[in-house]
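Enquirer: Would you mind keeping the following structure in view while I ask a few things?
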Amino acid sequence: MRISMIGTGYVGLVTGACLAETGNDVWCVDVDAAKIEELRQGKIPIYEPGLDVVVRRNVEQGRLRFTTELKEALDSSLFVFIAVGTPPGDSGEADLGHVFDVARAIGASMDSYKIVVAKSTIPVGTTMKIKETIRNVLDGRGRGDLDFDVAFCPEFLKEGSAVEDFMKPDRIVIGTENNRTAELLKELFSFFTFREERMFAMSVASAELTKYAANAMLATRISFMNELARFCERVGADVTEVRRGMGSDGRIGSAFLYAGIGYGGSCFPKDVKALIHSGRQAGTPFSILEAVEAVNVEQRRWFFEKIGARYGGDLKGKSFALWGLSFKPNTDDVREAPALDLVAWLLDGGATLRAYDPVAEGNARKALAGRPSVARAIEEGRLRFGSDNYEVLEGVHALILLTEWPLFRKPDWERIGSLMAEPVVFDGRNQYDPDRMKSGGFVYLAVGR
Ligand SMILES: NC(=O)c1ccc[n+]([C@@H]2O[C@H](COP(=O)([O-])OP(=O)(O)OC[C@H]3O[C@@H](n4cnc5c(N)ncnc54)[C@H](O)[C@@H]3O)[C@@H](O)[C@H]2O)c1
Ligand SMILES: O=c1ccn([C@@H]2O[C@H](COP(=O)(O)OP(=O)(O)O[C@H]3O[C@H](CO)[C@@H](O)[C@H](O)[C@H]3O)[C@@H](O)[C@H]2O)c(=O)[nH]1
């Protein structure tokens, strides 16, 4: 089938490449000319395991193309996917500016029947507003005769395993206004699952809300565990043991119960805020989600204070090695990464930092440059980036683990001990065994144990 993917970011590029991989002809469209140029030259603008191979293969085989010209792509497509960003607005609402820009551009460019499928995460009612926007532009062009359908198909991929998640989804949700569109979308997505029971056709509104509900539930589990972890510390329990005990109940399950320094990324923080905003607007506030968000904001601060407490609240003259800057392992994405707040607070407290991340250094540098106090600290030489995870340890007072990259899972503790000025480890992701750490001569401070 012929497809236009509008927005070539984490979701658009993965979706476009995977749809091409299953034999479709895909145009990826973006307003970012530099990004499109990079892609045309065979460079992948994001770090996502396995994506480079899929993109290159499909470009070589002529099924995947990149353009800034929407019309060029639309003219040869039946399906038009919208995969642009929906960042948080000032009051937590989803900012739909890019989505409606695209809707207007589709209305201005289309000259034949299309199925417009929103994949961006958008509040209930938005898909129908997209339809109205396209219709208004068509009417304005005197092309009210042109027919089109709209649909909403949420994306559930996780960064760091996006290609695998897309190719082998747990479920495919298809929100449409009519059966014909649902059947066509089922056919398009049937490449990714042989199991009919994994395809959920539903109303557009239900599909829109399914996406927010799933993210909000996962975020709720994480905040629950983070609050539980703080309680565990007070009462002498170990949250990792509690997690194993409770997660073994099939009704609860073991996924997304890991306490740490709070959830980050481009989705959970913004989607929880957006659902809170929608709930308030509808007069049915999500008091649970308000708490989920508050706990998440507190959690990174709680960890920072835990570090400070070891030094009587005074970080001046202390130096720390930081392992990990991305919001989770296997990605270069630092959007809403808890690590960035930790970097800023530690520097504001007077500490000197040496940070290492396998792939996110570039994005972290850009994001941190926007914080004036961090930019000053970089000028003063109080924040440096290392080229490997051992180099940053030389002479530091403690190691702080912020992102659980596989590389950090089983390090050489003897070597680490010999490099550091003091053998202290703050583990923000509960990666190490407290008994082994203590018997290895380390002071080990983790989350909820
Ligand atoms: N990142 C994820 O893991 C993930 C997973 C599921 C759903 N989502 C949702 O998917 C959407 C996209 O997220 P993302 O992380 O891919 O965003 P992103 O910021 O990585 O990419 C968005 C792209 O859209 C482009 N764009 C903006 N306006 C445009 C326009 N008018 N025409 C063409 N291109 C335009 C931008 O230049 C950018 O390249 C969001 O709604 C997000 O909530 C994201
Ligand atoms: O037990 C856990 C699991 C995750 N996290 C944190 O939660 C955040 C989000 O992690 P994850 O969900 O793995 O990554 P995302 O790429 O943000 O994916 C989420 O957001 C996407 C965008 O909406 C959805 O498509 C995915 O289904 C959903 O998992 C990260 O900061 C993790 O460190 C925890 O703290 N504890």
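Enquirer: Could you run through region 402-449 and say how many residues are polar (S, T, N, Q) and surrounded by 13 or more Cβ atoms within 10 Å (Cβ to Cβ)? I'd like the intermediate steps shown before the answer.
Expert: Applying the first criterion (polar (S, T, N, Q)) to region 402-449 yields 403, 418, 430-431, 439.
Imposing the further condition that a residue be surrounded by 13 or more Cβ atoms within 10 Å (Cβ to Cβ) reduces the set to 403, 430-431.
The number of residues fulfilling the criteria is 3.
Enquirer: When you scan region 306-318, how many residues do you find that are in contact (Cβ under 8 Å) with a residue 40 or more places away in the chain and open to solvent by less than 20 Å² (accessible area, probe 1.4 Å)?
Expert: Residues that pass the stated criteria total 2.
Enquirer: While we're here: Considering only region 244-272, how many residues are assigned to a helix (DSSP H, G or I) and surrounded by 21 or more Cβ atoms within 10 Å (Cβ to Cβ)? Please lay out each step first, then the result.
Expert: Step one: filter region 244-272 for residues assigned to a helix (DSSP H, G or I), giving 244-247, 268-272.
Remaining after also requiring surrounded by 21 or more Cβ atoms within 10 Å (Cβ to Cβ): 268-272.
Residues meeting the conditions: 5.
Enquirer: Going through region 238-259 one residue at a time, which ones are near ligand 2 (Cβ under 7 Å from one of its atoms) and at positive phi?
Expert: Passing the criteria: only PHE256.
Enquirer: Here is a further query. Which residue, of ALA237, ALA213, is more than 25 Å from LYS158 (Cα to Cα) and open to solvent by 20 Å² or more (accessible area, probe 1.4 Å)? Steps first, answer last, please.
Expert: Numbers: ALA213 fails: more than 25 Å from LYS158 (Cα to Cα).
Result of the check over ALA237, ALA213: ALA237.
Enquirer: Of a type in the set (Ser, Thr, Tyr), modelled with pLDDT of 95 or more and more than 16 Å from ligand 2 (Cβ to nearest atom): is that true of THR176 in this structure? So that I can check it myself, show each step before the final result.
Expert: Details: of a type in the set (Ser, Thr, Tyr): yes; modelled with pLDDT of 95 or more: yes; more than 16 Å from ligand 2 (Cβ to nearest atom): yes.
When the stated conditions are applied, THR176 passes them.
Enquirer: Under 6 Å by Cβ, and 6 or more places apart or on different chains, what pairs join a residue from region 432-449 that is closer than 14 Å to ASP412 by Cα with one that is assigned to a loop (DSSP other than H, G, I, E, B) and open to solvent by 50 Å² or more (accessible area, probe 1.4 Å)?
Expert: GLY441/PRO423; PHE442/PRO423
Enquirer: Select from region 154-168 the residues that are under 17 Å from VAL334 (Cα atoms) and more than 7 Å from ligand 1 (Cβ to nearest atom) and write down the one among them that is most open to solvent (accessible area, probe 1.4 Å).
Expert: SER161
Enquirer: Right, something else. For SER203, only one of the following conditions fails: (1) buried (at least 16 other Cβ atoms within 10 Å of the Cβ); (2) away from ligand 1 (no atom under 16 Å from the Cβ); (3) modelled with pLDDT of 95 or more. What is its number?
Expert: (1)
Enquirer: Report, by residue number, each residue of region 1-53 that is polar (S, T, N, Q) and either under 22 Å from the mean Cα position of the chain (by Cα) or within 13 Å of ligand 1 (Cβ to nearest atom) (or both). Full working, then the answer.
Expert: Filtering region 1-53 down to residues polar (S, T, N, Q) leaves 4, 8, 15, 22, 24, 41.
Correct list: SER4, THR8, THR15.
Enquirer: Then there is this: What are the residues in region 169-189 that are closer than 19 Å to THR22 by Cβ, more than 20 Å from the chain's Cα centre (by Cα) and open to solvent by 50 Å² or more (accessible area, probe 1.4 Å), if any?
Expert: Within region 169-189, GLU183, GLU187 meet the criteria.
Enquirer: Give me a count of the residues in region 277-292 that are open to solvent by less than 60 Å² (accessible area, probe 1.4 Å) and in contact (Cβ under 8 Å) with a residue 60 or more places away in the chain.
Expert: Qualifying residue count for the region: 5.
Enquirer: Here's something else I'd like to know. Could you please find all residues in region 325-384 being among the basic types (Lys, Arg), out of contact with any strand residue (DSSP E or B) (no Cβ under 8 Å at 6 or more places or on another chain) and either closer than 24 Å to ALA162 by Cα or free of Cβ contacts under 8 Å to residues at least 24 places away in the same chain (or both)? I'd like the intermediate steps shown before the answer.
Expert: First pass over region 325-384, keeping only residues among the basic types (Lys, Arg): 328, 335, 354, 365-366, 371, 376, 382, 384.
Of the ones still in play, those that are also out of contact with any strand residue (DSSP E or B) (no Cβ under 8 Å at 6 or more places or on another chain) are 328, 335, 366, 371, 376.
LYS328, ARG335, LYS366, ARG376, listed by residue number.
Enquirer: Give the residue, chosen from SER223, SER161, that is among the hydroxyl-bearing types (Ser, Thr, Tyr), in the same structural domain as GLY12 (by TED's automatic domain parsing) and under 21 Å from LEU257 (Cα atoms).
Expert: Numbers: SER223 fails: in the same structural domain as GLY12 (by TED's automatic domain parsing).
The match here is SER161.
Enquirer: How many of the residues in region 190-200 are open to solvent by 40 Å² or more (accessible area, probe 1.4 Å) and in a loop (DSSP other than H, G, I, E, B)? Steps first, answer last, please.
Expert: Here is the first cut: in region 190-200, the ones open to solvent by 40 Å² or more (accessible area, probe 1.4 Å) are 190-191, 194-198, 200.
Adding the requirement that they be in a loop (DSSP other than H, G, I, E, B) leaves 194-195.
Final tally of qualifying residues: 2.
The values are calculated or read from the model by the stated rules, or taken from the named source; none is laboratory data. Given the structure is predicted, the values throughout are model-derived calculations rather than measurements. Methodologically, a virtual Cβ is constructed for each residue, glycine included, from the backbone with ideal geometry; neighbour enumeration extends over all protein chains shown. SASA here: full protein model, heavy atoms, side chains in, ligands and nucleic acids out. Shrake-Rupley method; radii C 1.70, N 1.55, O 1.52, S 1.80 Å.
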